[in-house]
Amino acid sequence: MDAFGSDSIPSAAIPAAAQWRPGSPIDPDAATAAYLATVPPAVRERSHRYTDGGYWLELWGALLSAAILLFLLHGGWSRRIRDWAERRSRRDTIRSYLYYVVFTLIVSVLSFPLTLYAGFIREHAYALSTQSFGGWLRDQLVGLAVSLVLGGLAVSALYAVFRRFPRRWPVIGSIVGLGFVVLTVVISPVFLEPLFNRFTPLTDARIRDPILRMAHANGIAVDRVYVQDASRQTTRISAHVSGLLGTQRIVLNDNLLRRATLPEIEAVMGHEMGHYVLGHMYQFLIFFTLIILAGFALLRSVFDWAVGKWGERWGVRGIADPAGLPLLMLILSVYLTVLTPVLNSYVRGSESAADAFGLNAARQPDGFAQIALKLAEYRKLDPGPLEELLLFDHPSGRTRIHMAMQWKAAQR
């Protein structure tokens, strides 16, 4: 083992400007530029098209969602769904759940063409998907079923809060929302993720043991590393340390195993462990609760104003009426869209902190840099400063490579 971890990357794979030379310190700027120069122009241009197209997809998706929600309100469909649910049950909780099921099915059908293009056609066009249409559709239907169950329970609980606490619902509703997020995080590794992929223990000791040593050295009490068969769906590389309250597990996908060297794998796993050790999940839960609390406070005023102006036409009686769910979702969607730069900056800060942790834990700066290049297949490698600030929820490849080269230069 050398100064930068086990099975170091051969020097021939490292740009000259990023290599140690006697009496000549590494210049992080020059080393970063040398790494970026290894990406062929065609790959860089393809990545730019994919990223830029993603921005437009987000815009069209938001506009389509708003159009569907307004259609349900102005066309009277939301009121009709509510009336149908009221005829099916006398219990308000059941009515809310039935409304959510029908509402979700209608929205899913109306938005399906864009979902098909974004999730299947476009992914195949960029050689990022490995799924047949049947396999992709199966995953979509499973995701829809999960949404109908968990989303229905969450919406039913939220409307119970609206009815029971007509004045204090923003605070209590935020707490209820937090509870459902925690529940989802806890059950996801054990019950939800296996609905989409198969997880098997990693048996290759050459890869498994360094990962476990790194985990144990940083206080992560696990004795297994799991492999996710993500290649049945995508060519992307990924990994994660997920779960809470005893359900945590270390997972890397089979694309990472197949396409990356051991130093690259260690760099990725060091980053993912950073999220866990630094408590980013708990921090996110607190941040999310504050965001939702502020959103609910805004929602109260805007919802009441809109219902006062159009409520009679829409047939919406008030905040506790499930027929107002499209309006509620529209207001929150606009609120979260406006907050996109803030949310991106928060997540990007967490990712940067995990990057720094991973560099210190794995000690694989060149592995880290080369993984950043692999991610450039579908993430713009070198965006403008304003684009990265406003639209990126991860540090750009350039930023990550520069951090790795700064770390490497500081070691001598």
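The values are calculated or read from the model by the stated rules, or taken from the named source; none is laboratory data. Nothing here was measured: the structure is a model prediction, and the numbers come from that model. Note that we place each Cβ from the backbone using ideal geometry, even for glycine, and neighbour counts take in every protein chain shown. In case anyone asks, the SASA skips ligands and DNA or RNA and just uses the protein heavy atoms, side chains included. Shrake-Rupley method; radii C 1.70, N 1.55, O 1.52, S 1.80 Å.
Please identify the pairs in which a residue from the stretch 96-124 that is over 25 Å from Pro322 (Cα atoms) has its Cβ atom under 6 Å from the Cβ atom of a residue that is assigned to a helix (DSSP H, G or I) and aliphatic (A, V, I, L, M), counting only partners at least 6 apart or on another chain.
What qualifies is Leu114/Leu64; Ala118/Leu57.
Within the stretch 126-178, can you find the residues that are more than 28 Å from Ser111 (Cα to Cα) and free of Cβ contacts under 8 Å to residues at least 12 places away in the same chain?
Passing the criteria: Arg164, Phe165, Arg167, Arg168, Ile172.
Regarding Ser89, is this residue over 30 Å from Asp393 (Cα atoms) and either surrounded by fewer than 14 Cβ atoms within 10 Å (Cβ to Cβ) or in contact with a Leu (Cβ under 9 Å, 6 or more places away or on another chain) (or both)?
The answer is yes for Ser89.
Among the listed residues Tyr117, Tyr55, identify the single one that is open to solvent by 80 Å² or more (accessible area, probe 1.4 Å) and among the hydroxyl-bearing types (Ser, Thr, Tyr).
None of the other options fit; the residue is Tyr117.
Please return the ranges of helices (runs of 4 or more DSSP H) entirely within the stretch 301-412 where 1 or more residues are more than 21 Å from Met273 (Cα to Cα) and touching a residue at least 60 places away in the same chain (Cβ under 8 Å).
Output list reads 325-338, 385-391, 397-409.
Among the residues in the stretch 270-282, are any open to solvent by less than 30 Å² (accessible area, probe 1.4 Å), of a type in the set (Asp, Glu) and within 17 Å of the chain's Cα centre (by Cα)?
No - not one qualifying residue is present in the stretch 270-282.
Working only within the stretch 66-86, note down all residues that are of a type in the set (Gly, Ala, Ser) and open to solvent by 50 Å² or more (accessible area, probe 1.4 Å).
The one that is of a type in the set (Gly, Ala, Ser) and open to solvent by 50 Å² or more (accessible area, probe 1.4 Å): Ala67.
State all residues of the stretch 92-114 that are open to solvent by 20 Å² or more (accessible area, probe 1.4 Å), hydroxyl-bearing (Ser, Thr, Tyr) and within 30 Å of the chain's Cα centre (by Cα); if no residue qualifies, say none.
Tyr97, Tyr100, Ser108, Ser111 - these are the residues of the stretch 92-114 that are open to solvent by 20 Å² or more (accessible area, probe 1.4 Å), hydroxyl-bearing (Ser, Thr, Tyr) and within 30 Å of the chain's Cα centre (by Cα).
Could you tell me how many of the residues in the stretch 286-336 are under 18 Å from Phe103 (Cα atoms) and open to solvent by 60 Å² or more (accessible area, probe 1.4 Å)?
So the count comes out to 2.
Out of the stretch 9-49, which residues are touching a residue at least 12 places away in the same chain (Cβ under 8 Å), closer than 27 Å to Glu387 by Cα, open to solvent by 60 Å² or more (accessible area, probe 1.4 Å) and part of a loop (DSSP other than H, G, I, E, B)?
Passing the criteria: Asp27, Thr38.
Got a number for residues in the stretch 213-252 being under 15 Å from Gly358 (Cα atoms), aliphatic (A, V, I, L, M) and surrounded by fewer than 19 Cβ atoms within 10 Å (Cβ to Cβ)?
Number satisfying all stated conditions: 2.
Tell me the strands (runs of 3 or more DSSP E) entirely within the stretch 181-262 that contain at least 3 residues that are closer than 22 Å to Gly135 by Cβ.
Ranges flagged: 225-228, 249-253.
Just one of Arg79, Arg91, Arg138 is of a type in the set (Lys, Arg) and within 30 Å of Leu195 (Cα to Cα); which is it?
Arg138
Conditions: (1) open to solvent by less than 20 Å² (accessible area, probe 1.4 Å); (2) within 30 Å of His271 (Cα to Cα). Pro201 meets all but one. Number of the miss?
If we test Pro201 against (1) open to solvent by less than 20 Å² (accessible area, probe 1.4 Å); (2) within 30 Å of His271 (Cα to Cα), just (1) comes out false.
Of the residues Leu375, Leu389, Leu339, which single one is open to solvent by 50 Å² or more (accessible area, probe 1.4 Å) and either within 19 Å of the chain's Cα centre (by Cα) or within 30 Å of Ile292 (Cα to Cα) (or both)?
Leu389
Scan the stretch 150-192 for residues that are within 18 Å of the chain's Cα centre (by Cα), among the hydrophobic types (A, V, I, L, M, F, W, C) and crowded, with 18+ Cβ neighbours inside 10 Å and jot them down.
The answer is Val185, and nothing else.
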